[in-house]
C-alpha cells in the first residue's frame, strides 16, 4: 500500500530509542523527511541510520522556547512540517500499591514531561500547519491511561490526560483539516518496560526473581488475550498509517495496540 508520504516532513519527538526510533524508521521507509528530536544525543546516530535528508535535533520538550526554536529550524532546513509525533514519556520511577506510597511531589516531573511536553509540542508546531490547513498530530497514551494502573499512578493519570488533550486538539484542529489521534500501546519491548520489570521484582527475594523474559511472558499471558507483546515496529506501522490520507476520516481517536488488554478489562 502506498501511503503517499514521500517528500513530506515528519517530526518524531522521543526518536532516540524505543517506539520513537521505530516510528522514525517507518516514516523514512515511506520516503518522508524526518526530524528526529530528543534530548538524547543518540538522535545523531538514528538520523544517520535513516540516511541522507533527515535531521537530528537535540532539545528538551519541557523547554518551550527551545522547542519553538527547534520547530523554526526544522521548517527552515527540511521544509513545511506535515506530521508531528510525540512519543516522549517518563514514569515516576516508583511503584504504587497504594498510591500513597508515593509523594505528591513524585507527580510533578511526570506531568511536566508527559502532559506539558505534549502541549508544548502542539503549540510549537501547530500555527504554520493551521495556516496551511493541513497536517496530523499523533500523541502517545497507554493502556494504563484507560484503566488506571496501580503500578505507577502518576504515569497512568498523565496518559489519561493525554487522551483528553488529544480529543480537545482534534476538535480545534478539525476546521483546519488537521487531524489529531493517540496510540495506546500495551506491553512493548522498550527501555521503559525494563524499568517496570526492575520495580516489579525489587522486593522479591533474589532466588524468587524471574528473568525479564519470564516476567514478560507471565504478565502478558495474564493480561492480554492474544498473549504476546508488541514490537516497536508494529507501532511504527500504525503511526504512518494514521499520518496518511488513508486515515483521512480518523481524528480524536485512541488506537489500542495492546493484544486486547483494554478489552480484557484490567491491569
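Where a number appears in this text, it was derived from the coordinates with a stated rule and is not lab data. Everything numeric here is computed off the predicted structure, so don't read it as measured data.
Between 55, 102, 242, where does the largest GNM mean-square fluctuation fall for the chain, given springs only between Cα atoms within less than 10 Å?
Answer for the Gaussian network model of the chain: 102.
Give, to the nearest whole percent, the P(r) tail of the range 114-192 beyond 22 angstrom, counting all Cα pairs.
Working: 865 of 3081 pairs.
Roughly 28 percent, once rounded to a whole number.
If you take the Cα Rg of the range 3-92 and divide it by 2.2 N^0.38 Å, with N the number of residues, what do you get? The partial results should precede the final answer.
Details: Rg = 11.9 Å, N = 90, 2.2 N^0.38 = 12.2 Å.
Against the empirical 2.2 N^0.38 Å value, I get 0.98 for the range 3-92.
Compute the relative contact order of the chain as a whole-number percentage, counting only Cα pairs closer than 8 Å that sit 6 or more residues apart in sequence.
Details: 520 pairs, mean separation 53.6, N = 267.
Answer for the chain is 20 percent.
Grab the alpha carbons of the range 62-202, take their convex hull, and tell me the volume per residue in Å³. Can you show the working numbers first?
Numbers: hull volume 15.7 nm³, N = 141.
Once divided by residue count, the hull of the range 62-202 is 112 Å³.
Below 8 Å, C-alpha to C-alpha, sequence gap of six or more: please give me the relative contact order for the range 140-235 in percent. The partial results should precede the final answer.
Numbers: 84 pairs, mean separation 23.4, N = 96.
Reported as a whole number, the value is 24 percent.
For the range 93-143, what is the convex hull volume of its Cα atoms per residue in Å³?
On the way: hull volume 4.5 nm³, N = 51.
It comes to 89 Å³ per residue, whole-number rounded.
Dividing the convex hull volume of the alpha carbon atoms of the range 28-144 by its residue count, what do you get in Å³ per residue? Kindly include the intermediate steps, with their values, before the conclusion.
Working: hull volume 15.2 nm³, N = 117.
Roughly 130 Å³ of hull volume per residue.
Mean residue ellipticity at 222 nm from the helices of the chain, using -39,500 (n - 2.57) per DSSP H segment of n ≥ 4 over the full residue count, to the nearest 500 deg cm²/dmol? Mind showing how you got there, number by number?
Numbers: 11 runs with 120 residues, N = 267.
Theoretical 222 nm ellipticity from helices: -13500 deg cm²/dmol.
What is the spread of the Cα atoms of the range 165-224 along each of their three principal axes, largest first, in whole Å?
For the range 165-224, the Cα spread along each principal axis is 59, 20, 15 Å.
With the radius of gyration and the Kirkwood radius both derived from the Cα set of the chain, what is their ratio Rg to Rh? It would help to have the intermediate numbers written out before the result.
Numbers: Rg = 18.2 Å, Rh = 18.8 Å.
Here Rg/Rh amounts to 0.97.
Where does the Debye-calculated log10 I(q)/I(0) of the range 110-267 sit at q = 0.14 Å⁻¹, using only Cα point scatterers of equal weight, no solvent?
The calculated log intensity ratios at q = 0.14 Å⁻¹ are -0.74.
Once you've got the GNM for the chain with C-alpha springs shorter than 10 Å, pick whichever of 75, 30, 103 has the biggest mean-square fluctuation.
Among 75, 30, 103, the largest mean-square fluctuation in the Gaussian network model of the chain belongs to 103.
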